[in-house]
Amino acid sequence: MPLELYLDLHSQPCRSVFIFAKKTNIPFDFKFVDLATGQQYGEDFGKISVVRKVPVMRDGDFILTESVAILKYMAEKFGTSDSDHWYPADLQKRARINEYLSWQHAAMRAHGSKVFWFRAIVPIITGSEVPKEKMDSAMEDLTLSLKVFEEKFLDDRPFIIGEKISLADLVAIVEIMQPVGTGLDLFENRPTLSAWRDRVKKELGEALFDEAHKTIMHVDSLPQTFENNGMLEFLKPKIQKMFN
């Protein structure tokens, strides 16, 4: 039986799971959960996961949430000697991956997501741009995360653990691409980051990379979607919390 993966490719964690499963030829059924319409809050999805977030993986009777846990599960269950670089048995290389995955939640993910919301979602909900001081602060946080990523996690290595791509690189690229989807070029004047991005795309395959990011590169369709499905009113209280 193939895995069931509940995904929406607007979500960066969903993209990491999707790309990894496709790249490593893991059989799976794509179960689309439409975040823009609030499908995750519906009764049917609630039976799959009380967390009401994507991604979710179902392997027979076993259900797993959280993208990092899902990625590690798939790497360990379906890994071969040829694919060991994704989550190596080598203790120190695996520790480096875990180090990045632990750090990124409160850094790259948090800051990239905030900039994405400020640039793409908040103006839809409120009808006006985010105040300049708040946008500047969000960009400063993201810039610092990118600096730490380049100087600590990449240093002078091709990939985070060395010569081979890993789960850490995959999680990093999907997070960085989230604000890029709003038209923000984070790679400009960052040669180290740009060269790493190019290596990651080459390893993943440009066709798969573009397939996974097609949705996020067209977020200009979200205003009409939100208007049609009533999500504007649902999201307003969440937006207001950001500015209280």
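The values are calculated or read from the model by the stated rules, or taken from the named source; none is laboratory data. As the structure is a prediction and not an experimental result, all values here were calculated from the model. Here Cβ is always computed from backbone atoms with ideal geometry, including for glycine, and neighbour counts include all displayed protein chains. For accessibility, only protein heavy atoms count, side chains too; no ligands or nucleic acids. Shrake-Rupley method; radii C 1.70, N 1.55, O 1.52, S 1.80 Å.
Per-structure values
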| quantity | calculated |
| --- | --- |
| Inter-site label distance for LYS22 and VAL148 at 7 Å from Cα along Cβ, in nm | 3.0 nm |
| Förster-model FRET efficiency, 35 Å R0, MET135 and GLU163, C-beta, rounded to 0.05 | 0.35 |
| Distance in nm between pseudo-label sites at LYS47 and LYS214 (7 Å out along the Cβ direction from Cα) | 3.0 nm |
| Antiparallel DSSP beta bridges within the chain, as percent of all bridges there, nearest 5 | 60 percent |
| Cleavage-rule hits, GluC sites (Glu not before Pro), the range 1-74, DSSP coil, Cβ neighbours within 10 Å at most 16 | GLU66 |
| Gyration tensor verdict on the range 87-164 (Cα atoms; rounded if a/c is under 1.5, prolate if a/b is larger than b/c, oblate otherwise) | prolate |
| At 1.567 mPa s and 4 °C, Stokes diffusion of the chain via Kirkwood alpha-carbon radius, µm² per second | 69 µm²/s |
| Surface per residue (accessible, 1.4 Å probe) for the chain, Å² | 51 Å² |
| Fraction of accessible area attributable to carbon and sulfur, the range 39-80 (%, probe 1.4 Å) | 49 percent |
| Accessible area (Å², 1.4 Å probe, nearest 10) - TRP117 | 80 Å² |
